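So the structure is just underneath, and the comments pick up after that.
The values are calculated or read from the model by the stated rules, or taken from the named source; none is laboratory data. What you see is a predicted model, and the numbers here were worked out from it, not measured in a lab. All Cβ positions, even for glycine, are placed from backbone atoms using ideal geometry, and neighbour counts span all protein chains on display. Remember, those area values only see protein heavy atoms, side chains included, never the ligands or the DNA or RNA. Shrake-Rupley method; radii C 1.70, N 1.55, O 1.52, S 1.80 Å.
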Amino acid sequence: MSAVTREQFDAVMVPNYAPGKIIPVRGKGSRIWDQAEREYIDFAGGIAVSALGHAHPKLVAALTEQGQKLWHLSNVMTNEPAIELAQKLTELTFADKVYFCNSGAEANEAALKLARRHAYLNVGPEKHEIISTLQSFHGRTLFTVSVGGQAKYKEGFEPTPGGISHVPYNDLDAMAAAISDKTAAVIIEPIQGEGGITPAVEGYLQGLRELCDQHGALLIFDEIQSGVGRTGSLYAYQRYGVTPDILTTAKALGGGFPIGAMLTTDAVAPSLGFGTHGSTYGGNPLACSVSLAVLDVLTNDGVLDGVAAKSKRYFDGLKRINEQYKVFKDIRGMGLLIGCELIDERKGQAKDLNALALEEGLLCLVAGPDVLRLAPALNIPDADIDEGLARLEKAVARFVG
Ligand code: PLP
């Protein structure tokens, strides 16, 4: 047993997180083990990051191979993996140009800055407004918490940047009333993640596209949680058939190695000209090598094609559990991003169910106070889904009992 304990976390860490009671030390596929060698099934996927599970051999190989060659140069030099990854992302998506960074918040920061600068250069400084949605989450930098639609993340950090407004999600009339020729961009998650796993309804994204076109505003899709295969398509916009001007991606893009990217078009990219934005680590060769391997496995090893069947297995299993215990009022989501909303009598107790699941040997997540969230690896074996659901059922039985 290691000398490091969970209690030490509270002694030496800033208290902005409250991690679970165990310390995982290793993982393989969709199973992890803690310091005491207790094994857990992973339905959390590192918050929709570990899309290929833990220690995938092809990702380990990519990381160790690049690790022997070249770790870092910064942006004063380019590198082969970065160019190859940008090329691959442009082939697989609508995008013509890519900007690399290290996290989701940074990708959104870049997207929002690009949108403002694009409007500034093409129209003028009065066209700077950004419209976002209530309950949205776009990251924790000051700009991204300001754009995010959850007041709790802004509290005490004011004054926040101005020119930002919020309208209800999935409400096209509200957006039509808010948008104007002063709008630089509309930013939207095709599926709200942190806000409770709420997919865009039929016609909503198309409607936003039309409104943006009418007012010369850019449409930004934040696919940091919904992207990289989570819905069964590489990006959710491809399922919806609506193309943004800017797309942000991170989380699963590195399969666990930190990387973020902002994708955009030839028409918009020039507004982020030389010297206007940057990041020391963005496009790091280690991160880009791992990400190339992630995309290769996702698209060439049948992982994307398997998401729909695994999603059905989850939904069927969750519905079966709910038929017996009637604890969820809604089970929703897309692909392998699933939210189980607790019944009204159990409001605010998602974290309690999550803690019970951990005790039963299962890692899950919450999305707000009322929703148990599952974001497993996209290649999770069916046997692990079944075993994990059996553990969840035990947790639910204790929760209601
Ligand atoms: N945008 C969305 C939709 C997210 O789900 C998240 C993280 O949960 C972020 C942005 C922020 O990403 P990061 O934590 O990598 O900065």
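Note on the chain: with a GNM built from Cα contacts shorter than 10 Å, the maximum mean-square fluctuation among L112, L211, L253 falls on L211. The Cα atoms of segment 70-300 give a gyration tensor whose axes a ≥ b ≥ c have a/c of 1.5 or more with a/b greater than b/c, which makes the shape prolate. A Förster distance of 25 Å, applied to the separation of the beta-carbon atoms of E84 and I47, puts the FRET efficiency at 0.40.
Once all protein chains are placed together, L358 keeps about 40 Å² accessible to a 1.4 angstrom probe.
The heavy atoms of K97 present about 100 square angstrom of accessible area, all protein chains included, probe 1.4 Å. When the Gaussian network model of the chain links Cα atoms closer than 10 Å, the mean-square fluctuations of A236, A355, A48 top out at A355.
Rounded, prolate or oblate: which one fits segment 327-401, using the alpha carbon gyration tensor with axes a ≥ b ≥ c (rounded when a/c is under 1.5, else prolate when a/b beats b/c, else oblate)? Oblate shape, in that a/c is at least 1.5 and b/c is the bigger or equal ratio. Rolled with a 1.4 Å probe across the full set of protein chains, the surface gives E360 an accessible area near 40 Å².
Would you mind telling me the share, in percent, of accessible area of segment 70-300 contributed by carbon and sulfur at probe 1.4 angstrom? Taking all protein chains in place, segment 70-300 shows 54 percent carbon and sulfur surface.
In order along segment 233-247, the phi-based Karplus estimate (6.51 cos²θ - 1.76 cosθ + 1.60, θ = phi - 60°) of 3J(HN,Hα) comes to 9, 4, 10, 5, 4, 6, 6, 7, x, 10, 9, x, 8, 9, 10 Hz; Gly and Pro are listed as x.
Between Q206 and K154, residue separation times 0.36 nm minus the direct Cα-Cα distance comes to 15.7 nm. Figure note: V60, V145 ranked by solvent-accessible area, largest first, 1.4 Å probe, ligands and nucleic acids not counted: V60, V145.
Taking a ≥ b ≥ c as the square roots of the eigenvalues of the Cα gyration tensor of segment 131-257, is the shape rounded (a/c under 1.5), prolate (a/b larger than b/c) or oblate? Cα axes put segment 131-257 in the oblate bin.
Accessible area per residue for the chain, computed on protein heavy atoms with a 1.4 Å probe, is 44 Å².
Projecting label points 7 angstrom from Cα along Cα→Cβ for H277 and H215 puts them 2.0 nm apart. Could you work out which residue, out of R239, R209, R116, moves most in a Gaussian network model of the chain, that is, has the largest mean-square fluctuation with Cα springs under 10 Å? Looking only at R239, R209, R116, the biggest GNM fluctuation is shown by R239. Working note: 222 nm ellipticity from helices only, DSSP H runs with n ≥ 4, each -39,500 (n - 2.57), summed and divided by the residues of the chain, gives -11500 deg cm²/dmol to the nearest 500. In the chain, Cα pairs under 8 Å separated by at least six residues give a relative contact order of 22 percent.
For A62, the shell of other residues with beta-carbons less than 15 Å away shows a net charge of -2, using +1 for Lys and Arg and -1 for Asp and Glu.
Each residue of segment 184-190 was assigned a 3J(HN,Hα) from its phi angle through the Karplus expression (A = 6.51, B = -1.76, C = 1.60, θ = phi - 60°), giving 7, 7, 10, 10, 8, 8, x Hz with x at Gly and Pro.
Couplings 3J(HN,Hα) of segment 317-326, computed from phi: x, 5, 5, 4, 4, 5, 4, 7, 9, 6 Hz, in residue order, whole Hz [Karplus 6.51 cos²θ - 1.76 cosθ + 1.60, θ = phi - 60°; x for Gly and Pro].
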